[in-house]
Amino acid sequence: MITKQDKYTAAIYCRLSSDDGQLGESGSIETQKTLLTQYCKEQGFAIGEVYCDDGWSGTNFQRPAFQRMLSDIEDRRVNLVVVKDLSRFGREYAQMGIYIEHDFEENGTRFIAVSEGIDTINGTDNILMPITNVINSLYARDCSRKTKAAHRARAKDGKYIGGHAPFGYSKDPNDRHKLIVDPPAAEVVQQIFRMFAEGIGYVRMTKILREKNILNPQAYFNQNNPDYYKSEYWRKPFDWHATSVRVILSNPVYLGKLIFGKTKSKGFYSRKRVQAPEDEWIVAENTHEPIISEELWDTVQKMMASKRRETKQGEIQMFAGLVKCADCGSSLNVSYDAKKQKYKNFSCWVYKNYGSQRCTSHAIGWQTLNRLVLEDIRHHAAIASHHTKRYTEMLTQLGAAKQKQETDRQKRELKKAEKRLAELEKILNKLYEDRALERIGEERYQSMSTGYEAEQRELNEKRQMLTAAINQAEEVYSNVENFTRLIRRYTDVQELDAKTLNELIDRIVVHEKVVNPDGQKSQRMDIHYKFIGFLQVPIEALLAPSIPEMTVRIDPDGEPISA
Ligand SMILES: [Zn+2]
């Protein structure tokens, strides 16, 4: 520790060599000497000796005067080193740092670089900023090597060594190296895996999570650890980022295993981390309770591997989330052939996960579905272009007829809900008054108000839903023209993409195959367009005979049989 003391005996150190370039008069040994002598006098330092390395490079410390100075420091003959600037002392920062921050400090030798205003009496932490990074990294290198070795040893034992438990788990209060399931967060993790397996892409998923008001991992952590520092992220507790979803989906911790050393830093001076070869990983199995089944994990990993197909909208494949099972209403999952790098078949997610007691396969080839949807869009587009007036009229009529009934019913229901809400408001106020005037007891008040409040909450939700539905229905009318205008643009569409599908289609409902009397199988598919819904029958009636039915004949492989 360097402390202020009365008696300083200075070592004035000067150095100059050809590799310092042209420093002019101000850099000459003579000038350095004069300047530093004057400085020491002003500061009241006794001058022990002037050390001059004239013609010696600063890139190493094998300089005669410098070495002599070091031994004089060790002998306590001097306790202050004064240089004009750091580069006089040396140009090899790592070693300089060791001298200044370590050796000098250890034996109480003060160091001053006059031009830079560096003085170790103020501590060595901040004043050596230009070089400390390098030095720190040097020490860090050694430390991190030691820490890493310790980490690897713990990881081999299956001990959790992270700072915080991964989202979905918490640290066992009795053993901080053990993970235990954190049920509410684990539930969210499971939802994320399931949604992804259903074909919902990262971006869409973040939206769903936000709409469901699900706390993001950071916010969830903050909520449960109120004493921790809260990052800015906390301000948007329901905002999920695609990255956090991806991180969760690719963390094998949810399988009950711990993997250490999946990434390593690229080089010591680089913060960039690169994938470590798999044989360098340390995998500890069954270290804690899994949250995700192996099957679900495998499905998700396969789908993630195909994520290069992800569109800008963040969909894994363009039909993701659009294709529904006609019987159970769940999404159809698509299988992916990694070798051929293409999608194979859609099949009901419930059937795939829960088997034949819950649903049937509803399998349909990706190519088949793609072709049929493309054809249907093109047909709509053709009619809308060539028979614009009739098409619009038909849609309006159809929409009006179908919607009016439904909307009227919703409006009636809304009125009823609003009436009851007004009543409840009065009842609750009265109840509160009665309690305040002690006309009824606390217990009775509690039991009565709880029931009314629950009813109120329920009705409020219902009111919201109905209002939204009514507004949407009214949009349908105004959107008929927009839709006609929109679909006309797709007359010549050659290939589908996520943007087209999302713009036009609400959902595609796939029915189970049926065997016709002639022994051939056929399968029905309903395409529900946005704004206008499912339109098969009137279209058939209206249009030219060349338009095929949406029911296709298929061969045993599930491929369509062309007529
Ligand atoms: Zn189903």
*Could you calculate the FRET efficiency of residue 521 with residue 236 from 1/(1 + (r/R0)^6), where r is the beta carbon distance between them and R0 is 45 Å, rounded to 0.05?*
0.30
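What FRET efficiency, computed as 1/(1 + (r/R0)^6) with R0 = 41 Å and r the Cβ-Cβ distance, is obtained for residue 436 and residue 213, rounded to the nearest 0.05?
Efficiency, rounded to the nearest 0.05: 0.75.
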*Among 164, 379, what is the fewest-to-most ranking by other Cβ atoms within 10 Å?*
164, 379
_Amide H contacts of residue 214 (H built 1.01 Å from N, under 5 Å, at least 5 apart or other chain)_ = none
*Virtual spin-label span in nm between residue 121 and residue 338, 7 Å along Cα→Cβ*: 6.8
_Taking the number of other C-beta atoms within 10 Å as the exposure measure, put 9, 299, 368 in order starting with the fewest._
9, 368, 299
_Which order do the peptides 461-468, 182-189, 171-178 come out in when sorted by mean C-beta neighbours inside 10 angstrom, highest first?_
182-189, 461-468, 171-178
_How would 247, 509 line up from fewest to most surrounding beta-carbon atoms within 10 angstrom?_
247, 509
*asked:* Pairwise over distinct Cα atoms, reciprocal of the mean inverse distance: report the Kirkwood radius of region 388-482 in Å, one decimal place.
replied: 16.1
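Each value in this text was obtained by applying a stated rule to the coordinates, not by laboratory testing. Just so you know, these numbers come straight off a predicted model, no measurement behind them. So basically every Cβ, Gly included, is an ideal-geometry build from the backbone, and we count neighbours across all protein chains shown.
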